[in-house]
Amino acid sequence: MNQIISMNDVVKTYGPVRALDFFNLDVNEGEVHGFLGPNGAGKTTAIRILLGLLRHDSGHVSVFDGDPWRDAVALHRRMAYVPGDVSLWPELTGGEAIDVLGRLRGGLDPKKRERLCERFDFDPTKKGRTYSKGNRQKVAIIAAMSSDVELLIMDEPTSGLDPLMEVVFQQVIREEKEAGKTVLLSSHILYQVEILCERVTIIRQGHTVESGTLDELRHLTRTSVTAETEQPAAGLKEFEGVHDFVLENGRAQFNVDTDKLGPVIGEIHSLGIRNLVSQPPTLEQLFMRHYGEELTAEEVAEPETEEVAV
Amino acid sequence: MRSFTGTVTLVRFYLKRDRYRLAIWILGIAIAVAGMAWSYPESFPTQPEIESRVSMIRDNPAGTAMTGPGHALDTVTPDNYGPMIVNDIGSFTAIAVALMSIFIVIRHTRKEEETGRSELVRSAIVGPHASTAAAVIVAALANLLLAIFIALGMVVQGHPGIGSLAFGLALAMIGLVFASIAAAAAQITQNAGGATAIGGITLAIAFALRALGDVQESALSWLSPIGWSQAIRPYAEEQWWPVLIPIATSLVAVWTAFMLGTRRDVGAGMIAAKPGPANAGPRMGTSFGLNLRLQRGSLIGWTIGVLIGGLYIGLMASEAESVFADMEIYHEYITIEGATLTDGLLTTFIMWITIVSLGYAIGAANRLRSEENAGHAENVLATSVSRLRYATSILLNSIVGSLVVVSAGGIGLGLVRMSDTGNTSELFRMLGAAVAHLPAIWLLVGITIALIGFVPRALALVWAFVAYIVMVEMFGPLLGLPDWTYEGSPFRHTPQLPAGDVSLLAIGIITVIALGLMIVGILGFRRRDLYA
């Protein structure tokens, strides 16, 4: 499979601040790649480097085998960008802005533009200054999707859209994927990434902390299990990979490392299942594992100091 | 009174938000007034000098149009400069005070609605008229403080107390009127730019009415808020009753604002926004076309404004010839030796037109920065438009636009000269004289672009340079500045036409420096990160 985007050990500093710190990102042709991280983690910086708006300090970056800084113009004919906070010209209408952006990119498909305006329920005759955040975002989304490009780079594209429009957005992205387009989708709306993306890169403090398919990432986390069994389930506590075990009124609740799930479920089966609920880890839990560390460390630290005080 | 609930809180809040902004406006104007007043004893130390200066302003329609009615100028002596100072600098200070007041009010009313912040405020326990009332109160307080500072500045320099108080009060009255007009204007349009424009146009009309009224010695001045303030006659047997006119006008304007305010929704204007085209016009397919479209309104406005300016000073110049033919003193105002009185006068006026046109040229070049800050540059540069093309298209708008604006001024002036002299060549002579200053404008455009390319944070340096140019070229003779202070102004090195000669070398050198700065600036813009 062709690599469309490749960033290796990329460093970008703003004065003393290291926005990207040996950051890695690989996006393959035809995939919808989720790019996750909290605010200020460096998502937008990475995207702006891919667009040639910023120059990286060191490391290797290529888009379509070209240098996004040097070959910006040629590369931009093959890609479209939806910024996180779309800023429109106050004196132009939304329709004018869509056309301008499309034409400057090398032309857009008027039929597709019209269809998208309908699907997104977008009125193109209003002046830019009167649009809400969601409507400004629609302008960038419609302009990007009506262009004939191979790569879509989207920086939190739905942060202003209402839930109905978000469903439309998901449909449109799926269609683009079926048409063979590659999408890099940055987000902190986790369920959206879960629905749309097959591969995910997680960034934190400028550094790639996790990258792989959703399945690969899931196996790193724990599944939460609630089970009622005919025979007492206390023995489950001793199984490898079982954590946070609680037994109450014959109901066992625990988390289990996802790759150790098989033997545990086997044991529950042999105890006689009355009721079994097993939840796969959500990306929230993945996220909490990466970003919860400081939180946990603080929580642990506080009681300790109290003990010392006593 | 429930409509005004929260006004006091908002006044405090606005004062806190604006404390530095207001301090700069108030101190800036007060210090400028005090400084200009300070220069008079030095510039006109003897009675004959005072008298020639007085006759230059009072007996010349152009002088009268730019200043005021000239009350009690006969009484000016080396011990009493008051009437002269008030007349000379009053009308220009009035413009600054009016602008300050318009900006304060629009900023806290329509601008807040446009950004949506007022919804947050209005959802609290705040009456519907509170923000308008608070904005006018803050503007009134600012004007009151300004009046006190101006009066103090004059008293300290030994001018009579009552007259100084009248001078400060007269200026504050102008501020009050325009603050109230701005409050009404803010109810009408949906965007802050439009409301500010209504205030600005009202100010321009007020200045024009006053100028015309003072030249004709007619009652037209009584239709102008600036005329009302001059009728208070500081240092010239003050009369206080004219104060009632601006106060009454302000009350009516603020009442109108309240009435209009109750008839509309928050965020809406009296003039509803019309839907625009759903598709972009064919010319908007390139970076240049896009920039031209975005600059269109500004370019048209400046072209018309400078054209009217050219017509206006053309009329002044033709009057001046008949009035001043045998006035020896006037020749000193003219820098080119051997020139006729009219040509000398035209040379100065043409330079002024081109200096005013700097506003367009630098504003257009500054879009390279303002579009970047607003996040619009990012939209365009993420398409297949290169930085070189993007920057060049903005620069071209500035260069070609400045040619259009300056030409409009030359044509306006030339048309009047043509009808005065019956000579068609006069039109081209004026046009050529105006266009000859373009290299100086482009030099400032070059500096703007170079700063944007390398140190965008230092962009204010350009405006500092403009301020210096305006200072020496427009107020230099008035302040009696020494000759060397003029040398830094590029408009001294471009041809002084129609009175002087054309130096191709000077044009060439300035143009080359300007081009060099532009190229360097664009290269810098290509190399650096795009800020967001």
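Quick check on residue A:122: is it under 19 Å from residue B:277 (Cβ atoms), more than 7 Å from chain B (Cβ to nearest Cβ) and among the aromatic types (Phe, Trp, Tyr)? Criteria met by residue A:122.
Residues in the range B:268-278 that are in contact with a helix residue (DSSP H, G or I) (Cβ under 7 Å, 6 or more places away or on another chain) and either surrounded by fewer than 16 Cβ atoms within 10 Å (Cβ to Cβ) or among the acidic types (Asp, Glu) (or both): B:270, B:271, B:273, B:277. Any chance you could count how many residues in the range B:105-149 are free of Cβ contacts under 8 Å to residues at least 40 places away in the same chain and farther than 24 Å from residue B:32 by Cα? Count: 5. Looking only at residues of the range A:74-84 that are more than 7 Å from chain B (Cβ to nearest Cβ) and outside any loop (DSSP other than H, G, I, E, B), we find that the one that is farthest from the chain's Cα centre (by Cα) is A:74.
Considering only residues in the range A:17-52 that are within 14 Å of chain B (Cβ to nearest Cβ) and of a type in the set (S, T, N, Q), the one that is farthest from residue A:287 (Cα to Cα) turns out to be A:45. Within the range A:103-119, the residues that satisfy the criterion of being facing chain B (nearest Cβ under 7 Å) and in a loop (DSSP other than H, G, I, E, B) are A:105, A:106.
Within the range A:90-100, work out how many residues are closer than 25 Å to residue A:187 by Cα and either assigned to a strand (DSSP E or B) or among the β-branched types (Val, Ile, Thr) (or both).
Final tally of qualifying residues: 1.
Screening A:71, A:67 for residues that are farther than 20 Å from residue A:199 by Cβ, more than 11 Å from chain B (Cβ to nearest Cβ) and surrounded by fewer than 23 Cβ atoms within 10 Å (Cβ to Cβ) leaves exactly one candidate, A:67.
Counting just the residues of the range B:70-101 that are charged (D, E, K, R) and outside any loop (DSSP other than H, G, I, E, B), which one comes out farthest from residue B:183 (Cα to Cα)? Looking at the filtered set, the residue picked out is B:74.
Return yes or no: is residue B:474 in contact with a helix residue (DSSP H, G or I) (Cβ under 6 Å, 6 or more places away or on another chain) and either away from every other protein chain (no Cβ under 14 Å) or buried (at least 23 other Cβ atoms within 10 Å of the Cβ) (or both)? Spelling it out, it is not the case that residue B:474 is in contact with a helix residue (DSSP H, G or I) (Cβ under 6 Å, 6 or more places away or on another chain) and either away from every other protein chain (no Cβ under 14 Å) or buried (at least 23 other Cβ atoms within 10 Å of the Cβ) (or both). Applying a threshold of 7 Å to beta carbon distances and a minimum spacing of six or more residues, or different chains, the list of pairs starting in the range B:275-288 at a residue that is closer than 22 Å to residue B:391 by Cα and at the interface with chain A (Cβ under 7 Å from one of its Cβ atoms) and ending at one that is of a type outside the set (S, T, N, Q) and in a loop (DSSP other than H, G, I, E, B) reads B:287/B:385. Taking first residues from the range B:407-422 that are free of Cβ contacts under 8 Å to residues at least 60 places away in the same chain and partners that are among the aliphatic types (A, V, I, L, M) and assigned to a helix (DSSP H, G or I), the Cβ contacts under 8 Å between residues at least 6 apart in sequence or on separate chains come to B:407/B:431; B:407/B:434; B:407/B:435; B:418/B:427.
Residue-wise test of (1) assigned to a strand (DSSP E or B); (2) without any contact (Cβ under 8 Å) to a residue 40 or more places away in the chain; (3) surrounded by 15 or more Cβ atoms within 10 Å (Cβ to Cβ).
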| residue | (1), (2), (3) |
| --- | --- |
| A:180 | no, no, no |
| A:186 | yes, no, yes |
| A:232 | no, yes, no |
| A:245 | yes, yes, yes |
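For (1) surrounded by 18 or more Cβ atoms within 10 Å (Cβ to Cβ); (2) farther than 29 Å from residue A:75 by Cα; (3) of a type outside the set (Ser, Thr, Tyr), each residue gets a yes or a no:
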| position | (1), (2), (3) |
| --- | --- |
| B:397 | yes, no, yes |
| B:410 | yes, yes, yes |
| B:413 | yes, yes, yes |
| B:416 | yes, yes, yes |
| B:428 | no, yes, yes |
| B:435 | yes, yes, yes |
| B:442 | yes, yes, yes |
| B:457 | no, yes, yes |
| B:465 | yes, yes, yes |
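Within the range B:356-380, residues that are within 14 Å of chain A (Cβ to nearest Cβ) and within 17 Å of residue B:444 (Cα to Cα) have Cβ atoms under 7 Å from residues that are among the hydrophobic types (A, V, I, L, M, F, W, C) and part of a helix (DSSP H, G or I) in these pairs: B:367/B:394, counting only partners at least 6 apart in sequence or on another chain.
Annotation: of all residues in the range B:198-248 being acidic (Asp, Glu) and outside any helix (DSSP H, G or I), the one that is farthest from residue B:271 (Cα to Cα) is B:237. Exactly one residue out of A:70, A:174, A:78, A:113 is of a type in the set (D, E, K, R) and in contact with a helix residue (DSSP H, G or I) (Cβ under 6 Å, 6 or more places away or on another chain), and it is A:113. Taking the conditions exactly as written (at the interface with chain A (Cβ under 10 Å from one of its Cβ atoms) and either surrounded by 21 or more Cβ atoms within 10 Å (Cβ to Cβ) or basic (Lys, Arg) (or both)), does residue B:390 satisfy them or not? Taking the combined requirement at face value, the residue satisfies it. Look at residue A:100 and say whether it is β-branched (Val, Ile, Thr), surrounded by fewer than 22 Cβ atoms within 10 Å (Cβ to Cβ) and within 9 Å of chain B (Cβ to nearest Cβ). No; evaluated as a whole, the condition is false for this residue. Taking each residue of the range B:245-258 that is over 17 Å from residue B:3 (Cα atoms) and looking for partners that are polar (S, T, N, Q) and in a helix (DSSP H, G or I) with beta-carbon atoms closer than 6 Å, six or more apart or interchain, yields B:250/B:180; B:253/B:180.
Of everything in the range B:159-197, what is assigned to a loop (DSSP other than H, G, I, E, B) and under 15 Å from residue B:33 (Cβ atoms)? Give them in sequence order. The answer is B:159, and nothing else. Could you tell me which of the residues A:87, A:62 is of a type in the set (Gly, Ala, Ser), facing chain B (nearest Cβ under 7 Å), outside any helix (DSSP H, G or I) and in contact (Cβ under 8 Å) with a residue 24 or more places away in the chain? Selected residue: A:87, the only one of A:87, A:62 that is of a type in the set (Gly, Ala, Ser), facing chain B (nearest Cβ under 7 Å), outside any helix (DSSP H, G or I) and in contact (Cβ under 8 Å) with a residue 24 or more places away in the chain. A residue that is touching a Leu at 6+ places or on another chain (Cβ under 9 Å), at pLDDT 95 or above, under 30 Å from residue B:530 (Cβ atoms) and within 14 Å of chain A (Cβ to nearest Cβ) can be found somewhere in the range B:394-415. Look at residue B:104 and say whether it is in a helix (DSSP H, G or I) and surrounded by 22 or more Cβ atoms within 10 Å (Cβ to Cβ). It is true that residue B:104 is in a helix (DSSP H, G or I) and surrounded by 22 or more Cβ atoms within 10 Å (Cβ to Cβ). So in the range B:18-63, with the set limited to residues that are among the polar types (S, T, N, Q) and loosely packed, with under 13 Cβ neighbours inside 10 Å, which one is farthest from residue B:211 (Cα to Cα)? Filtering first and then ranking leaves B:46.
Quick one: is residue B:301 in a loop (DSSP other than H, G, I, E, B), within 14 Å of chain A (Cβ to nearest Cβ) and either within 29 Å of residue A:139 (Cβ to Cβ) or touching a helix residue (DSSP H, G or I) at 6+ places or on another chain (Cβ under 8 Å) (or both)?
Working: in a loop (DSSP other than H, G, I, E, B): no; within 14 Å of chain A (Cβ to nearest Cβ): yes; either within 29 Å of residue A:139 (Cβ to Cβ) or touching a helix residue (DSSP H, G or I) at 6+ places or on another chain (Cβ under 8 Å) (or both): yes.
Considered against the rule, which asks whether it is in a loop (DSSP other than H, G, I, E, B), within 14 Å of chain A (Cβ to nearest Cβ) and either within 29 Å of residue A:139 (Cβ to Cβ) or touching a helix residue (DSSP H, G or I) at 6+ places or on another chain (Cβ under 8 Å) (or both), residue B:301 comes out as no.
Within the range B:165-217, the residues that satisfy the criterion of being of a type in the set (Val, Ile, Thr) and surrounded by fewer than 24 Cβ atoms within 10 Å (Cβ to Cβ) are B:188, B:189, B:196, B:198, B:201, B:202, B:205, B:215.
The values are calculated or read from the model by the stated rules, or taken from the named source; none is laboratory data. Every value quoted in this text rests on a predicted model; they were computed, and no experiment measured them. Using ideal geometry, Cβ is built from the backbone for each residue, glycine included, and neighbour counts are taken over all protein chains shown.
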